[in-house]
Amino acid sequence: MNAVSRQPEQDERAEREELARLLPAAAGTGLHPDRHRLLKGHVMNEIDFGTQATTGAARRSRRRLVLILAPAAACSLALAAALGGLDGLTGGGGTGVPRSVATAPVASPAAVELLDRIALTAGARPVTQARDGQYTYVKVVGYSTALDGETGATERTDQAGEEWTSVDGTGRTLQREDGQDAWLDAPGAGTTTTPTYRMLADLPTDPTALLTWIYKDAERNHGSGTDSTLGADQAAFVAIGDMLRYSAAPPATSAALYRAAARIPGVTTRPDAVDAAGRHGVAVTRTHDGERNEWIFDKDSLRLLGTRIVLVEDGSWGKAGSAVESVAITATGMVDKAGQVPERSGERTT
């Protein structure tokens with residue numbers, strides 16, 4: 001075997017060793033059933049504070065913060081249509097769903113292991129007994145980058161705020177920025193970029209079924225035969241990230257989404273990444289079209305800290321290594337009405 005053919009294996013070994021050094025040992029000495037499956041080679045499984053176009057059509061916001069920094073390219077998956085789309089799916093037969101949905105994980109081995117640990121932690125968290133009429137609460141800080149199409153100049157906009165979203169989607173959404181309140185329409189059933197608690201609770205918790213659902217929509221909107229340059233794999237990764245950033249998701253849903261992400265080609269890890277609040281963590285990443293999308297997790301608790309998009313190539317948006325978008329989730333919780341802030345410290349992420 002020559003040096004070139006050995007390089008991926010060497011890079012993977014270095015990645016896993018670095019993660020093992022940074023992350024705490026898994027708790028407990030017995031094998032959890034999910035851990036047993038992993039050892040056998042099977043892993044089961046963004047506050048619209050974004051600036052709109054500022055001065056004319058030529059200037060546009062590069063992305064928009066929807067709840068927790070949902071990229072504009074994210075596929076909108078209405079719950080009713082999505083669940084209906086599960087009927088008859090087999091992972092093949094012209095659906096555009098890759099073979100990996102029904103077979104072995106195709107993320108890097110280090111990403112598979114990390115996502116399994118994150119899923120185990122997320123799934124073990126207490127279930128919130130949400131009631132219709134209540135609201136989920138989230139607070140974020142961050143920034144986005146806008147590009148002036150005429151001059152080519154970029155402008156970074158700092159963004160921070162709070163949002164209250166109806167649990168069942170029937171109540172209007174409240175957004176608060178710099179002490180100013182804005183009421184939006186009720187979200188209804190919800191989408192991946194504007195999910196409701198009920199929508200997330202009703203998603204399939206079997207990772208294969210969940211990823212099949214996500215891939216069907218991703219392929220239809222961003223796959224071959226479309227004008228999209230995103231592609232189905234990246235669209236699936238973005239869609240999962242959008243739902244995960246809505247950190248009020250039920251534990252079983254969060255766990256299933258993490259395990260589904262472990263089956264997307266090109267998903268890997270970075271031992272160190274920094275969110276918009278300056279907190280360091282370990283990242284699950286996927287690179288596409290010169291950009292690296294990162295989900296950043298606390299190295300001890302494995303809670304989602306935030307997300308960012310980093311350029312890996314020089315381009316009109318900036319130099320390689322520049323973060324063009326970043327957001328940090330600083331508080332979450334469940335409250336009885338819009339405008340309330342959770343009081344129990346256990347409901348905060350900071």
In nm, what is the difference between 0.36 nm times the number of residues separating Gln180 and Asp289 and their Cα-Cα distance?
35.5 nm
So for the pair Ala153, Ala331, with labels modelled 7 Å out along Cα→Cβ, what separation do we get in nm?
3.6
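Bear in mind these aren't lab numbers, they're just calculated from the coordinates by the rules spelled out. Keep in mind the model is a prediction, meaning the values are calculated, not measured. In this analysis, Cβ positions are derived from the backbone assuming ideal geometry, glycine residues included, and neighbour counts consider all displayed protein chains.
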